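See below for the structure under consideration.
Where a number appears in this text, it was derived from the coordinates with a stated rule and is not lab data. Just so it is clear, the structure is predicted and the values come from calculations on it, not from any experiment. FYI the Cβ positions are ideal-geometry reconstructions off the backbone, even for glycines, and counts take in every protein chain you see.
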Ligand SMILES: Nc1nc2c(c(=O)[nH]1)N[C@H]1C(S)=C(S)[C@@H](COP(=O)(O)OP(=O)(O)OC[C@H]3O[C@@H](n4cnc5c(N)ncnc54)[C@H](O)[C@@H]3O)O[C@H]1N2
Ligand code: MOO
């Protein structure tokens, strides 16, 4: 049997990062920037008004007060984007709106609230310091500044910054396109009729959601029956849109294990047993002329989910260039005793919470690999190491806290 580390390493060695290219800005959400972004311009690009009011020369307002206002003729109006270049001379004012460029000659803005809001002439009740209510050019960012480091994960703020600096695209590795195929004669689409021996295809939905949650694009093919011909045909048709294929089911020791049967014949996919529970049967390789990577997951729902978390999620992150590939482990205090089989790594469903006494994780009873109900109650996986056979209440344990961005 392989260890979890062996199998993961084999997958990560076999699946490289995708090539980076320009991505439309919003599409780049969650992707790491491939190269540092150097600002092509100052921001603000020009001195502009922080307030709606009047652009003036501060020296003209010396001594202004409510009793003795300074009265200035208003020689024009500039709104943001009004396209009017402007200059003022001594003893005049220009009405100005927030964001409009400061006219040449002006060195401060007086907000409307400190005036009588006059149109032809304005009474101003207070003096203004030089630069008051002006947002200076380059105050925020200077041309040539490195504003985003290589590898920065692009979020709404970074995307807003890139757009503000005039970049219509961001250079990043694309979201991997992941095709999800579930296999089994017994599977039916949710919403359709079940026979006495059929079940709904939960896995392809679960895995598709997990793919999307990982930041990749999912093409969910749904269930394919246990005929090798059909499986082979569906798989080959899907490769045109796949950077990675993920399958569920058909890889253990049964008579109708279609994935194993079909792909073993190719010779480029290895089916192995990994010393973990759930998720013992696993497979990885490359298929057809395209040499598209494929990760084959076991069909039991919990096994498929845990295998996705342990093997597919790091692979997707590697393709996107997103580090760390693996979810960081969190230490938590175990709230009940646990036992485990020696020699295998066990991933036990648990409920993680942070209490006033610190992080705590409570195992969920029922560790059958088919118990999706108990999986859905969990928000964490407790890791019981290969060398551990028992963990006691109060022990500090390693935990994967699911659904947390990292
Ligand atoms: N003789 C042995 N039998 C089994 C072994 C073994 O070592 N020797 N391993 C067991 C373990 S562990 C696992 S895990 C499963 C994995 O089996 P497969 O990957 O071949 O999966 P299937 O046989 O196709 O299905 C297993 C189970 O899961 C249900 N299933 C499958 N697909 C879906 C789906 N899309 N949605 C919901 N449920 C699904 C399926 O109906 C079966 O109940 O093998 C054990 N057997
Ligand atoms: O290893 Mo299987 O994944 O337990 O059910």
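List of remarks:
- Peptide packing: for 333-342, 187-196, 280-289, the average count of neighbouring Cβ atoms within 10 Å per residue gives the ranking 280-289, 333-342, 187-196, highest mean first.
- For peptides 171-181, 373-383, sequence by mean Cβ density within 10 Å, most packed first: 171-181, 373-383
- Where labels lie 7 Å past Cα in the beta-carbon direction, separation of residue 26 and residue 2 in nm: 4.0 nm
- Adding -39500 (n - 2.57) for every DSSP H run of four residues or longer, then dividing by how many residues the chain holds, sets the calculated 222 nm ellipticity at -5000 deg cm²/dmol.
- The angle between the Cα long axis of helix 4-14 and the longest principal axis of the Cα atoms of the chain comes to about 60 degrees, rounded to the nearest 10.
- On Cα atoms only, tilt of 202-213 relative to the major axis of the chain in degrees: 30 degrees
- Binning the alpha carbon pair distances of the stretch 329-401 at 10 angstrom intervals from zero yields the distribution 22, 55, 21, 1, expressed in whole percent.
- The orientation-averaged projection of the convex hull spanning the C-alpha atoms of the stretch 143-225 amounts to 7.4 square nanometres.
- Rg and Dmax [Cα atoms of the chain; Å; Rg one decimal, Dmax integer]: 31.4, 99
- Cα gyration tensor, the stretch 48-135 - rounded (a/c under 1.5), prolate or oblate: prolate
- Measure of compaction for the stretch 1-71 (Cα Rg per 2.2 N^0.38 Å): 2.63
- For peptides 351-357, 396-402, sequence by mean Cβ density within 10 Å, most packed first: 396-402, 351-357
- Residue 140 paired with residue 163, simple spin-label distance in nm, labels 7 Å along Cα-to-beta-carbon: 1.3 nm
- Exposure proxy shown here: for 322, 66, the number of other Cβ atoms within 10 Å sets the order, fewest to most, as 66, 322.
- For residue 329 and residue 198, the difference between the fully extended length at 0.36 nm per residue and the C-alpha to C-alpha distance is 43.4 nm.
- Choice from 316, 134, 217 with maximal GNM fluctuation in the chain (Cα, 10 Å cutoff): 134
- Of the residues 65, 39, 303, the one that moves most in a GNM of the chain with alpha-carbon contacts below 10 Å is 65.
- Structural descriptor for the chain: relative contact order 16 percent, calculated from alpha carbon pairs under 8 angstrom and at least 6 residues apart.
- Among 368, 385, 144, the residue with the largest mean-square fluctuation in a Gaussian network model of the chain, with springs joining Cα atoms closer than 10 Å, is 144.
- As a proxy for reagent exposure, ranking 56, 344 by other Cβ atoms within 10 Å from fewest up yields 344, 56.
- Separation of the stretch 370-406 from the stretch 121-180 is 42 Å, based on Cα centroids.
- With Cα atoms, 0 to 90° folded angle of helix 228-238 axis to the chain main axis: 10 degrees
- For the stretch 329-401: relative contact order, % (alpha-carbon pairs under 8 angstrom, 6 or more apart): 48 percent
- Over all pairs of different C-alpha atoms, the stretch 188-282 has a mean inverse distance whose reciprocal, the Kirkwood radius, equals 14.8 Å.
- DSSP-defined antiparallel bridges as percent of all bridges, the stretch 48-135, nearest 5: 80 percent
- Least to most buried among 113, 126 (fewest other Cβ within 10 Å first): 113, 126
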